[in-house]
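Engineer: Next up is a structure, given as structure tokens.
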Amino acid sequence: MCGIVGIAARRDVVGNLIYGLKALEYRGYDSAGIALITDQGLTRLRAKGKVAELEQLQQQHSVQGHTGIAHTRWATHGVPAERNAHPMTSRDEIAVVHNGIIENHAELRDELRAKGYDFTSETDTEVIAHLVHAEKAAGKDLLDAVLTVVRRLHGAYAIAVLSLQDPGRVIGARKGSPMVMGLGDGEHYIASDIHALLPITRRFVYLEEGDVAEITIERARVFDIHGVEQQRKVKEAHFSADAVERGEYRHYMLKEIHEQPVAVADTLEGRLLDGQILTGIFGPQAVQLLKQTEAVQFVACGSSYHASMVAKYWIEALARIPVSVEIASEYRYRDPVVPKNTLLVTVSQSGETADTLAALRMAKSLGYLAELAICNVPESSLVRESALCLMTRAGPEIGVASTKAFVTQLTALLLLALELGRQHGLDATRYRDGVTQLEHLPQAVADALKLDPEIRVLAERFASKHHALFLGRGRQFPIAMEGALKLKEISYIHAEAYPAGELKHGPLALVDEDMPVIAVAPNDHLLEKLKSNIEEVRARGGQLIVFADKSVSRGITHPQETLLELEPCGELIAPIVFTIPLQLLSYHVAVLKGTDVDQPRNLAKSVTVE
């Protein structure tokens, strides 16, 4: 991990390589590097820290070249340091960049040491460079050398390889980590994400699992792992580089929070008509499969896991079928029992989350009725490998902490819950009310954003805090979990979420006059229960902050406590609407604390390793 760019061209490619790395900064990283074929040979520059430091280093050395690869690294094997930064080289002839983890690197390292290769890093990637060098030294050309090497690698990878003996040529390969090939005029590209290449091309080939790509100035070709040339469709990107610019906003996260009304509207566009969800939006066989569904299994990570937990409440209430939700990194190492006619639903923003993908691939042998992906990236592995899909249409999300991707996941999952309900006998009046709430959702999200000035003031109370407690009941408990996660991710304040009814079983011991306690209080059937839990906090002197539906807010708090009122909204969409102020709270607290909001420490946007 985390970002790869490779270019073969007739012109100097350094500027585009550096731009590509900057466009991939949102994925999270701790070092950056570049390797070029120059008049002086194979030239490599690496820097711990940000791409800006690499750019400054390049300017000092005035390095130029027509063929190059570049990388931003998120540390897995080896601490963040220049010696562990990519590209990795072998005897000044081969350079490699790599996303993923090579699980058999230790035995390969022993083999290569026995052949006289020296290792200068602690990374698993360095074995790839030496293996390619050894194959080249045995007489193979670069393509055949890479094909031979990748057949020996166990684990996940996306790689790009340069050879001093093959100027004007870059070889890429993928297994378990994403990679695209970009097509140009007299130049071609590879990258781990199309955002890296949008200023120079809109034409892309999405590499499939096991593909090996060769780019030169004249051509771009794709081979399978056995070296047989393959034909892959060329796709046109429909959004511009402007979509990943901050514009007037201080941070990408704030921009993406404010994009949510439009993102939700885009997620619903063409899916609702005359008070109904259009049939077939999940795929041509979806209606029959949803009718057959007798249980649902969700598998996801992080914020997608929280969205899936909300969906459990929705589906069980509307469709009256049992739902299980599991963290992908746990599920993939269990021996699960799959009830008859169970629908597997995977949820992922990127569609390349390693644990979720591994869980999907394992599940294919377990007898599920079908697999449904809820995803934001149409050409992702998760979508391609699932029988059914529903795209969330959030657009590019650059901030590491998920905001609009999470909210559009919830929107898509409510569509699924209502459609499952309809196929399982949901009362027509209740169904129509749910659709009506969805139609109102973009406006309800826009109304929630109006709390921004009040929340900015509220955030000042958190600047000196070290802990916070979030409370919710029913469908709002996963929203409280998401609020706590956001605060942890970007402000580094320790925050935990609990079902409010669980307070008396332990968490009340933490509550004192210095503990902020944030409660979400929509107008739902659990409101009176939540009021009792709020009284428990009040009796212990906790600092109460309540986000409440304006129609029922009277009497929830005392004058010395903090109440922020949201416009009334339907009970079904309330979890989505109440997410917005919690996002804003975490954002403004992080700004006051001076953290790196868009790229919080130790985290990556697209987690393509275990």
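Engineer: For the pair Glu460/Arg384, report the inter-label distance in nm, with labels modelled 7 Å from Cα in the Cβ direction.
Structural biologist: If labels sit at Glu460 and Arg384, their model points lie 5.2 nm apart.
Engineer: Positive end of the dipole of the chain, charges at C-beta (+1 Lys, Arg; -1 Asp, Glu), about the Cα centre: which of Val310, Pro261, Ala387 has its Cα farthest in that direction?
Structural biologist: Ala387
Engineer: Using a Förster distance of 25 Å, how high is the FRET efficiency between His494 and Leu592, based on the Cβ-Cβ distance and rounded to 0.05?
Structural biologist: 0.90
Engineer: If you take the beta carbon distance between Thr436 and Arg91 as r and set R0 to 45 Å, what does 1/(1 + (r/R0)^6) give as a FRET efficiency, to the nearest 0.05?
Structural biologist: The pair Thr436/Arg91 has a calculated efficiency of 0.10.
Engineer: Next question, about the same structure. On a 0 to 90 degree scale, rounded to 10, what angle separates helix 428-448 from the longest Cα axis of the chain?
Structural biologist: Taking the Cα atoms of the chain, the angle to 428-448 is about 70 degrees.
Engineer: Here is a further query. Pairs Lys255/Lys529; Lys175/Lys404; Lys22/Lys235: which exceed 32 Å Cα-Cα?
Structural biologist: Distance filter (> 32 Å) returns Lys255/Lys529.
Engineer: Further, regarding this structure: Excluding same-chain residues fewer than 8 positions from Lys136, which lysines have a Cα within less than 20 Å of its Cα?
Structural biologist: Excluding near neighbours in sequence, the set is Lys115.
Engineer: Could you compute how fast the stretch 3-239 diffuses translationally, taking Rh as the Kirkwood radius over C-alpha pairs and applying Stokes-Einstein at 37 °C with viscosity 0.692 mPa s? Give it in µm² per second.
Structural biologist: For these conditions, the coefficient is 191 µm²/s.
Engineer: Place a +1 charge on the Cβ of each Lys and Arg in the stretch 3-239 and a -1 charge on the Cβ of each Asp and Glu, then give the dipole magnitude about the Cα centre in debye, rounded to the nearest 20.
Structural biologist: The calculated dipole for the stretch 3-239 is roughly 340 debye.
Engineer: How far is helix 126-137 tilted off the main Cα axis of the chain, in degrees rounded to 10, range 0 to 90?
Structural biologist: Here the helix axis deviates by roughly 30 degrees.
Engineer: Would you work out the Kirkwood radius for the stretch 253-392? I mean one over the mean of 1/r across all pairs of different Cα atoms, in Å.
Structural biologist: 15.6
Engineer: Extension gain Thr76-Leu273, at 0.36 nm per residue separation less the Cα-Cα distance, in nm?
Structural biologist: So the extension gain works out to 66.1 nm.
Engineer: Could you tell me what a quarter of the Cα convex hull surface of the stretch 45-108 works out to, in nm² with one decimal place?
Structural biologist: 5.2
Engineer: On to the next question. Rounded to the nearest 20 debye, what is the charge dipole size of the chain about its Cα centre when +1 sits on each Lys and Arg Cβ and -1 on each Asp and Glu Cβ?
Structural biologist: Charge dipole, the chain, about its Cα centre: 300 debye, nearest 20.
Engineer: Can you check how the C-alpha radius of gyration of the stretch 381-460 compares to 2.2 N^0.38 Å, as a plain ratio?
Structural biologist: That works out to 1.41 for the stretch 381-460.
Engineer: Sticking with this one: Which number comes out as Rg/Rh for the chain once both Rg and the Kirkwood Rh are worked out on C-alpha atoms?
Structural biologist: Reported Rg/Rh (Cα atoms, Kirkwood Rh): 1.00.
Engineer: For helix 354-363, what angle does its Cα long axis make with the longest principal axis of the chain, in degrees from 0 to 90 and rounded to 10?
Structural biologist: The angle comes out near 80 degrees.
Engineer: I've got another one for you. Can you tell me the FRET efficiency between Val287 and Asp224 if r is taken as the Cβ-Cβ distance and R0 is 35 Å, rounded to the nearest 0.05?
Structural biologist: After rounding to 0.05, the efficiency reads 0.50.
Engineer: A further question follows. Give me the base-10 log of I(q)/I(0) for the stretch 154-263 at each q in 0.14, 0.22 Å⁻¹, Debye formula, one uniform scatterer per Cα, rounded to two decimals.
Structural biologist: -0.65, -1.16
Quick note: the coordinates plus some simple rules give every number you see, no bench work behind them. Since we're looking at a predicted model, the values are computed, not measured. No Cβ is skipped: glycine too gets one built from the backbone with ideal geometry, and neighbour counts run over all protein chains shown.
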